[in-house]
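Below: the structure, in structure tokens.
We did not get these values from a lab; they are worked out from the coordinates using the rules stated. Only a predicted model underlies this, so the values are computations on that prediction, with no experimental measurement involved. Positions of Cβ are backbone-derived with ideal geometry, glycine not excepted, and every protein chain shown enters the neighbour counts.
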Amino acid sequence: MLTKTRLAAAIATITAGLTAGQVLAEEFALEEIVVTATKRETTIQEMPMSIQAMSGEKMKNQGIDNLDQLAASVPSFQVGDGALTTNISMRGMGSQPERGFEQSVGMFIDGIYMPRSRQYRAPFMDANRVEILRGPQAVLFGLNSTAGAVSVVSNTTRPGDETELNLTLKHEFEYEGTTVEGVYGVSPTDRLGLRLAGKYRKDEKGAFKNDFTGDDENAPQELVLRGTAVFEPSDATTLTFKVDYADFEFDGDLGETGGDDSLLDWRRDMDATGAAEISAGSEVGIDKPGLQQESLNIGLTFERDFGGHTLTAIAGYSDLEWDAMFDIDGTSLAIMTGGVHEEYQQRSLEVRWTSPEGQALDWIVGAYYQDSELDNAQPNILGAWALGVQANLPAVFLDAEMGSETEATSVFAIGTWNASDVLSVTGGLRWVDTEIDYHRGDNACTDMIGGLQETIDAVPDAFFCFNGRGYKDRRSSDNLMPELALQWDATEALMVYGKVSKSAKSGGYGFSTVLASDADGNLLAEYDDEKATGVEFGLKYQAATFELNATLYRTEFDDLQVNSFDIDTGAGSIQNAAEVVTQGLELDGRLAVTDWLTLTGSLAYLDAEFKSFDEAPAPFDGSLPPAPSGNPAAANATGMETPYAPEWAGSLGADVNLPLGDSLELVAGLYLSFSDSYLTDSTLARAFEQDAYEKVDARIGIEGGGGQWSVALIGNNLTNEEIINNSVNFAGPISYLKSPRTVALQGTYRFGL
């Protein structure tokens, strides 16, 4: 086990090595990573904020296909699938497993906001880089980004670029998976650049064994296609059009049941096919447990230079649809089977006016508009029909339909006053107005006796029945989000900064099946805006072969949006936790030891806890004290750590590019990520605690022809660690795991070089 003492010793050794390496290797230079988190091209070392980035080439070399895998190298950032949502957390803060929530960690793909958690599933293909912004984002990425933001930037072929044709083949041995990825970029005229990219993946075996059916489950199959056109009608004007389509699916249940006393005894013994066929007849378009997801994203970017000032307009359209069917009783008998069907459409437009850079005052002003529709259904079945018994026995069918229409408008401005050659002050403000229309369908519990479906009006509030039929409501809110940063270039190599920002995430309405009601029986579906105020101080040191960044931060959350569910205690409420504080220290750095060896490292200390939350949902294992009110379904979580908040986490990496002659090069890498224990259940049940772990990834291969071709063996999670994404107590403990060990052979050929 990696102790804190051993970790501190390792960090001290690495720091000493980094310093020594700086003296010995002045003839080398680290490759700069250009980012656009400030809406201008700059480097990480020049930005007064906590940010990490990884290039698309490095992700491809390490076999990183999605954000879940990338998160292992970014301490205090977690991404992983659950039954109803994909869970995203930054510094111990994130949206709970509620389908109505937008994410507290906002995601932007090529400048377009993607608020739905399942959009985080999109695999990386032909990515230029991914930027991870930690802490509340107020002005430039201030759309519901109270915990942070993720920006994914795709590659493009610009007019005049050389023709590019790349083909990558990968075979995974553990699960017999095959991946084919191709890229073709061409500039047919000096005014037009075209790029086509495609990726197909299919695993023959699933990563998990169903002990009841004997089948291997969760074998993924995915297809991603993207087309990009860059047109420059004049030297001052650029139009970029992009369209991408993604299809993802797998068969089998999503979760694993745990043993009686711990989650170490993993098993998968669910057979929900029979009930799934019944439930699927209503909303979900699949006839057995599994998941299917389709998405279409279209973007059009207009840029024009007006004598140094730049006008930018980004129009976006996003269409997401996904269906899931899963066993929710955690046994081999399909007594309770659930499904989700979601459709989401969004249209957005952002316009920015940017001043020339390098003036006494640099500034950006802009406006944003978005409208969207979200429709969600959750068909479930409970009773004898789920057992395949078509007799005159009671059964309940739930078809919970709900939806919302959202309209958001905002304006923003940010400016940097370059007071001197070494001192600058940045201040900005964003105003956001959000209006939401919410509705619930008329379908409720249905008696399926003898195949007849008759609405049961006598039990509208039964536990598995849908309450609030026909409920409609409307809410609006507006928020001001300021930001202020001070940057001092102490030396040519050292920059020191301080930053304070206030962000907000709009409130809304719950999409959960079980909701609280007031004393008169009125549905309590609404939750308030979430607000975060963050303060951070940092330093960034950069020399030719050595970089070191350090950030000390504290963020206070008011009215944190939470949703918890537990069948044993009856907890299933959507509410706002009064006060949460997350604070800590983050370190990351790079060192070019020689011209063929580069070391990377990151470390995070995190303290995130509920400062005031004495009416939290009670966990099934009784690990929280009772609520002061005496409510048996509530508990006092004041002073408890938040989910996904390991006290210590970090990563170490080594990349090798060693020449083996005139035309061959050894390419290799070793990557270690580690984490303290943390909670994985929204009710804070200790039974769902993830133990501390170390995860090892590695690669080794040969590259030739000046980068024209490469062959590498890539291993991820080589020690086969069982790492939990999310947990829930539903007729037994169920958890959702990250990918087990994979070993793949990957080959790339670049034609025409």
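Among the residues of the stretch 62-84, those identified as among the polar types (S, T, N, Q) and within 20 Å of residue 126 (Cα to Cα) are 62, 66, 69, 73. Against the test of being surrounded by fewer than 21 Cβ atoms within 10 Å (Cβ to Cβ), touching a strand residue (DSSP E or B) at 6+ places or on another chain (Cβ under 8 Å) and of a type in the set (Phe, Trp, Tyr), the options 113, 184 yield a single qualifying residue, 184. Just one of (1) within 30 Å of residue 369 (Cα to Cα); (2) assigned to a loop (DSSP other than H, G, I, E, B); (3) touching an Asp or Glu at 6+ places or on another chain (Cβ under 8 Å); (4) not acidic (Asp, Glu) fails for residue 151. It is (2). Only one entry in 223, 169 is within 17 Å of residue 56 (Cα to Cα), assigned to a strand (DSSP E or B) and not β-branched (Val, Ile, Thr), namely 169. Which one of 624, 658 is in a strand (DSSP E or B), over 24 Å from residue 75 (Cβ atoms) and not β-branched (Val, Ile, Thr)? Testing whether each residue is in a strand (DSSP E or B), over 24 Å from residue 75 (Cβ atoms) and not β-branched (Val, Ile, Thr) leaves just 658.
Which one of 598, 638 is in a loop (DSSP other than H, G, I, E, B) and either touching a Cys at 6+ places or on another chain (Cβ under 8 Å) or in contact (Cβ under 8 Å) with a residue 12 or more places away in the chain (or both)? Selected residue: 638, the only one of 598, 638 that is in a loop (DSSP other than H, G, I, E, B) and either touching a Cys at 6+ places or on another chain (Cβ under 8 Å) or in contact (Cβ under 8 Å) with a residue 12 or more places away in the chain (or both). For the stretch 190-202, indicate whether the set of residues that are crowded, with 17+ Cβ neighbours inside 10 Å, among the acidic types (Asp, Glu) and farther than 19 Å from residue 112 by Cα is non-empty. No: zero hits. Selection of the stretch 68-84 for residues being buried (at least 24 other Cβ atoms within 10 Å of the Cβ) and under 27 Å from residue 542 (Cα atoms) yields 72, 73, 74, 75, 76, 77.
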